[in-house]
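Readers should treat all values here as calculations from the given coordinates under stated rules, not as data from a laboratory. What you see is a predicted model; the values in this text were computed from it and never measured. Because the Cβ atoms are built from the backbone with ideal geometry, glycine has one as well, and the counts that use them run over all protein chains shown.
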Amino acid sequence: MLAAADAYMRICILIGLKCGLRDQELMHLEFRDISWTDNTLRVQSKDQWGFNPKTWEQREIPVPDDLLAELGDWQKASGVRHTDGHSLRAARARVTFSKMSVALAVQMKGLGF
């Protein structure tokens, strides 16, 4: 899956896998939610988009060093600053994650899960 993904989808997949984010949490993640010094990201409400974490639970999630480095590289390549509120939220991500979820469920069922 990673080999076939473009740079944007690769970073979305890695964040989802390595940080265990739910799809809506990932789509509402902003660069300002990432603490580059503490190696954490904060899942928090986004009133401007009408987003609240499940059960209103705002939390800090550890970010592995390799993912943090890859996020930094991707951010530099995309030209996005830490403070501009840029989000991974995109209709493209929503459709892609929905399709991936269905494909993964089919594969897991075939493997006996």
Taking amide H positions as placed 1.01 Å from N in the peptide plane, with prolines and chain starts having none, which residues 5 or more places from Phe51, or on another chain, fall under 5 Å of its amide H? Lys46
Order of Trp74, Trp56 - criterion: other Cβ atoms within 10 Å of each residue's Cβ, fewest first: Trp56, Trp74
Cβ under 13 Å from Ala69's Cβ, Ala69 left aside: what net charge do those residues give with Lys, Arg +1 and Asp, Glu -1? -2
